[in-house]
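**Q** Okay, here's the structure, questions in a sec.
The values are calculated or read from the model by the stated rules, or taken from the named source; none is laboratory data. Please read these numbers as outputs of a predicted model, since none were measured by experiment. Cβ sites come from the backbone with ideal geometry, for glycine too, and all protein chains shown count toward neighbours. What goes into the accessible areas is simple: the full protein's heavy atoms, side chains included, and nothing from ligands, DNA or RNA. Shrake-Rupley method; radii C 1.70, N 1.55, O 1.52, S 1.80 Å.
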Amino acid sequence: MLGLQRFAGCLVTQLYRRAAYSSNARAASAALATAATNGQGADVPETRSPAAETNIKKPKGQMVAAVFESLKNQDDLSVKTSDIGKKSATAANSLDERIVNAKTVNGLLSITENNGSLSRKQALQIVSILAEWSTINRVKISEFENDSRFLRICRMLGRTVPKNGKNAGETAAANHNANNNGDLKRISGFRTDDLNTVLGVAGDDEAAKLIASISLPQMVKVMSALAQRKRRSTPLLRSLAFNISSASDQLDLKQAGDILYAMATLNFQDSVLGAKVCADVQVALPKNTEKSAVVGSILTSLGILRYRDLDILEALTQWLLKNAEICRPQDLGAYFLTAALLNFKSTHLEDVRNKLVKSIVREDFTKNGDWLNYVWSLSLLGILDNSQLNTVLSSEFVEKLKQDKPGLTPTLKMRLLNLNSYARLFLTDYKGALLPADSPAYDVPMAHTKSKQILVNGMLDALKSLLPASNHLQSSVDSKMGFLIDALCYFDEKRNPLPLDKENPNAIRVALMVIDFHDICHGTHRSGSGLTNLMFDLLEKSGYKVIAIPYNEFSTSDKLLKRVQYLEAKFKTVVSSK
């Protein structure tokens, strides 16, 4: 019974424990007055203000009983009146209709009386309605929290649904027989589990209403369970994000890691929730002095989400530097990869190079792909040693990648090409291996996402209005550096376009690159991703003038003239007129 009361309290009363009298306070007072005239509470006055109700001490049981008795009489009277001449129509009403049409607490709970066909979904609908009424102060929680009919619904929601499809009555009978036969197997009892209650709701909107009624740890459990089940319910996730962000309680490190993992798994971006989690991580981080696994999980999730918050990244960097001796290699690898993806270079970058980078060796990574990702991330951070680069550009290493279970994936091929170009263009003193011209890394299919291709097409349409002929423009050019150049054109020093099929050593080569939503980092400190910056750096080192076309400045919904004027202004900034 204590478990059931805890469920009722968590599910409905938690946020409304101190709620004032509802909008129907006069109706409740009138009910008390009616009960008093019937001899159920002679010392209760007929009218009473909410303040007076608070000051006068009356036995809770008598007052609640009087209210319910009066409400019951009213409901019974209304039922009798409606039954006159309408018995056939009432009989045809379904339970769902009765639930929706109920106007009082007693009317709602009376549906459960002597009704074995009540389903979990209908029981949850009743609880949801009661929670909503409590939210708008239509009813007081004390009117139903100890009612046996309400507790019966709680027990129904708390019980795990049998896999054999039996209803509650059949299951109870089976359990009784099993006990009588001396079966020692444990029978599943009542479980007042808010997690299963919320996740068991058929309708996401109904489940979202219940989120405000559960505790912060339970919200975290619900979000983790959604991630495990790959259930991306937008209404439920938004409700969780709002309520977790609004909670005054702080998340511990594990809870913060679980939320970020769920957000990353479900690809759920929410800047307010992200700010709440990162703020709580900074508070809880110094207390963790034993394990680095949760730190590695947080770093990995931030990288997947492309969530860029310089404060939390700097705090994580300092924690790793302080606790380097207990950090696992995979957690350090997660740090470097996330820092590279988020284009984050710590103010303590030299300490990171001397202490963290030097603590990692090739043997720390069991998978060749993980070692490649680590070396690639060091190149984006500008702290890569030539010896490390040589290990991944050798033909032997590429063969090992091909023999691994996932094989030489497109992502690994593009990162090999990034590193190959980095070695040629940035490291003048590099004498190690380079990819041969016939390397399988060059055989990589590269294509934009559908949303980005729409932006690219809109840019190309505008460029055709600026350039005199088709031979003045080339699109989707394979850079041989691990990415596509969206558009390529040549100009002379007076901004006159030049044909691409003719040699002109003095031509100004311009590369136009579309930047869509997935090419930037989100969060408190937005910027281009580490990969986006690397592409621009490689193009500039190759002799191109780069024009970035961000999605928030260039839209295909704009008229063609506006898009043409936008690109023309961009050309003026990179091509000097003389």
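**Q** Within segment 294-315, can one find any residue that is surrounded by fewer than 16 Cβ atoms within 10 Å (Cβ to Cβ) and either in contact with a strand residue (DSSP E or B) (Cβ under 7 Å, 6 or more places away or on another chain) or more than 29 Å from Phe517 (Cα to Cα) (or both)?
**A** Within segment 294-315 (the criterion being surrounded by fewer than 16 Cβ atoms within 10 Å (Cβ to Cβ) and either in contact with a strand residue (DSSP E or B) (Cβ under 7 Å, 6 or more places away or on another chain) or more than 29 Å from Phe517 (Cα to Cα) (or both)), the answer is no, since none of the residues qualifies.
**Q** Can I ask one more? Given Val546, Val574, which one is of a type in the set (A, V, I, L, M), on the phi < 0 side of the Ramachandran plot and in contact with a helix residue (DSSP H, G or I) (Cβ under 6 Å, 6 or more places away or on another chain)?
**A** Values: Val574 fails: in contact with a helix residue (DSSP H, G or I) (Cβ under 6 Å, 6 or more places away or on another chain).
Step by step, each of Val546, Val574 is checked, and only Val546 is of a type in the set (A, V, I, L, M), on the phi < 0 side of the Ramachandran plot and in contact with a helix residue (DSSP H, G or I) (Cβ under 6 Å, 6 or more places away or on another chain).
**Q** Restricting the search to segment 316-339, which residues are closer than 17 Å to Glu363 by Cα and basic (Lys, Arg)?
**A** If the condition is that a residue be closer than 17 Å to Glu363 by Cα and basic (Lys, Arg), then Arg328 is the only one that fits.
**Q** Residue check: is Gln282 under 24 Å from Asp249 (Cα atoms), surrounded by fewer than 20 Cβ atoms within 10 Å (Cβ to Cβ) and either among the basic types (Lys, Arg) or touching a residue at least 24 places away in the same chain (Cβ under 8 Å) (or both)? Don't jump to the end; show me each part of the working.
**A** Numbers: under 24 Å from Asp249 (Cα atoms): yes; surrounded by fewer than 20 Cβ atoms within 10 Å (Cβ to Cβ): yes; either among the basic types (Lys, Arg) or touching a residue at least 24 places away in the same chain (Cβ under 8 Å) (or both): yes.
The answer is yes for Gln282.
**Q** Just name the residue that is farthest from Ile211 (Cα to Cα) out of those in segment 246-268 that are of a type outside the set (Asp, Glu) and not in a helix (DSSP H, G or I). Full working, then the answer.
**A** Of all residues in segment 246-268, those of a type outside the set (Asp, Glu) come to 246-248, 250-251, 253-257, 259-268.
Next cut, not in a helix (DSSP H, G or I) only: 247-248, 250-251, 266-268.
Numbers: Ala247: 12, Ser248: 15, Gln250: 17, Leu251: 17, Leu266: 18, Asn267: 20, Phe268: 17 Å.
Applying the filter and picking the extreme gives Asn267.
**Q** Pick out, from segment 354-470, the helices (runs of 4 or more DSSP H) lying fully within it that include 1 or more residues that are surrounded by 15 or more Cβ atoms within 10 Å (Cβ to Cβ) and either over 38 Å from the mean Cα position of the chain (by Cα) or hydroxyl-bearing (Ser, Thr, Tyr) (or both).
**A** Numbers: elements: 368-381, 386-393, 395-403, 410-425, 450-466.
Fully inside segment 354-470 and qualifying: 368-381, 386-393, 410-425, 450-466.
**Q** Let me ask something else. Cβ-Cβ distance below 6 Å, separation of 6 or more or different chains: which pairs start in segment 351-380 with a residue that is at positive phi and end on one that is modelled with pLDDT of 95 or more and in a helix (DSSP H, G or I)?
**A** none
**Q** If you don't mind, another one. Identify the residue in segment 121-140 that is modelled with pLDDT under 80 and open to solvent by less than 20 Å² (accessible area, probe 1.4 Å) and, among all such residues, is nearest to Ser94 (Cα to Cα).
**A** Ala123
**Q** Name the residue that is surrounded by the most Cβ atoms within 10 Å (Cβ to Cβ), counting only residues in segment 222-257 that are among the charged types (D, E, K, R) and over 19 Å from Ala315 (Cβ atoms). Give the steps one after another, and end with the answer.
**A** Filtering segment 222-257 for residues among the charged types (D, E, K, R) gives 229-232, 238, 249, 252, 254.
Imposing the further condition that a residue be over 19 Å from Ala315 (Cβ atoms) reduces the set to 229-232, 238, 249.
Values: Arg229: 11, Lys230: 8, Arg231: 13, Arg232: 13, Arg238: 16, Asp249: 11.
Among those that are among the charged types (D, E, K, R) and over 19 Å from Ala315 (Cβ atoms), it is Arg238.
**Q** For residues that are more than 15 Å from Ala487 (Cβ to Cβ), out of contact with any Lys or Arg (no Cβ under 9 Å at 6 or more places or on another chain) and either part of a loop (DSSP other than H, G, I, E, B) or aromatic (Phe, Trp, Tyr) (or both), tally how many sit in segment 526-578.
**A** The total comes to 5.
**Q** Please state which of the following conditions Leu210 fails to meet, knowing it meets all the rest: (1) open to solvent by 10 Å² or more (accessible area, probe 1.4 Å); (2) at pLDDT below 90.
**A** Unmet for Leu210, out of (1) open to solvent by 10 Å² or more (accessible area, probe 1.4 Å); (2) at pLDDT below 90: (1).
**Q** Could you count how many residues in segment 480-504 are open to solvent by 20 Å² or more (accessible area, probe 1.4 Å) and under 30 Å from Asn420 (Cα atoms)? Show your work before the answer.
**A** Residues of segment 480-504 that are open to solvent by 20 Å² or more (accessible area, probe 1.4 Å), as a first pass: 480, 484, 490, 492-504.
Those still in the list that are under 30 Å from Asn420 (Cα atoms) too: 480, 484, 490, 499-504.
Residues flagged as open to solvent by 20 Å² or more (accessible area, probe 1.4 Å) and under 30 Å from Asn420 (Cα atoms) within segment 480-504 amount to 9.
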